[in-house]
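Working notes, structure below.
The values are calculated or read from the model by the stated rules, or taken from the named source; none is laboratory data. Quick caveat, the model's predicted, so the values are computed rather than measured. Please note: Cβ atoms are built from the backbone with ideal geometry, for glycine as well, and neighbour counts cover all protein chains shown. Just so you know, the surface numbers come from the protein's heavy atoms only, side chains and all, with ligands and any DNA or RNA stripped out. Shrake-Rupley method; radii C 1.70, N 1.55, O 1.52, S 1.80 Å.
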Amino acid sequence: MSEQYNRNKLVKERNYTPFILIFSFVLVSIIALLFFLPGYDGHLDFDVTIFPLLNAIFNCFTFIVLVLALVAIKKRNIPLHKSFIMAAFGSTTLFLISYVIYHFLTEPARFGGSEVMRYVYFFILITHVTLAIVNVPLALLSVTRGLNMQIERHRKIARWTMPVWLYVSLTGVIVYLLISPYY
């Protein structure tokens, strides 16, 4: 019995931080690389501008379930909180897949609005991208610590992760609404 307990304890106390940091660096590097590669040159039988709309839908869904997760944890409903966080994590994963496919297939769209709106757009875009980069390891660390029942460590990082993740998902929708006329 003691041996089984020690084995379970070791599993719970694994340090996933190095893996998360390496994975985050690789993921962000791949996404950054896409902006320097030319768009796909072959023929496609569908309109690829569906991907930015899907991205906005995934971001909107993520924002909504994150708010619901926040309400659930404030009410101390941990199972519901966990379900909403996993839904947000799944939606964010689908967003990343869709985002990579779109940027592999196309060149980035150029903003064509007024000078004032250009400044608004780029401010939102730059803060969105910067915090999205930060959010990758934050979300992964928060989720793994929560799943491993490292409650105090989870709370400490989740206090930062939740507002960043909310901002990133909300501004993802706003960026789409601002750039969508120019696809």
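Values for this structure:
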{"quantity": "Single residue of region 157-170 satisfying the filter (of a type in the set (Val, Ile, Thr) and out of contact with any Ser or Thr (no Cβ under 7 Å at 6 or more places or on another chain)) that is surrounded by the most Cβ atoms within 10 Å (Cβ to Cβ)", "calculated": "Val168"}
{"quantity": "Flag if Val164 is assigned to a helix (DSSP H, G or I), more than 23 Å from Ile50 (Cα to Cα) and modelled with pLDDT of 95 or more", "calculated": "yes"}
{"quantity": "Conditions (1) in contact with a helix residue (DSSP H, G or I) (Cβ under 8 Å, 6 or more places away or on another chain); (2) in a helix (DSSP H, G or I); (3) more than 17 Å from Phe51 (Cβ to Cβ); (4) open to solvent by 40 Å² or more (accessible area, probe 1.4 Å); number of the one not met by Tyr119", "calculated": "(1)"}
{"quantity": "Residue tally, condition in contact with a Leu (Cβ under 8 Å, 6 or more places away or on another chain), surrounded by 13 or more Cβ atoms within 10 Å (Cβ to Cβ) and not aromatic (Phe, Trp, Tyr), over region 32-53", "calculated": "2"}
{"quantity": "Verdict on Pro181 being open to solvent by 40 Å² or more (accessible area, probe 1.4 Å), at pLDDT below 95 and in a helix (DSSP H, G or I)", "calculated": "yes"}
{"quantity": "Qualifying residue in region 142-156 (condition: more than 30 Å from Pro181 (Cβ to Cβ), in contact (Cβ under 8 Å) with a residue 12 or more places away in the chain, small (Gly, Ala, Ser) and crowded, with 19+ Cβ neighbours inside 10 Å)", "calculated": "yes"}
{"quantity": "Subset tally (residues that are over 20 Å from Leu170 (Cβ atoms) and either open to solvent by less than 40 Å² (accessible area, probe 1.4 Å) or polar (S, T, N, Q) (or both)) for region 63-101", "calculated": "2"}
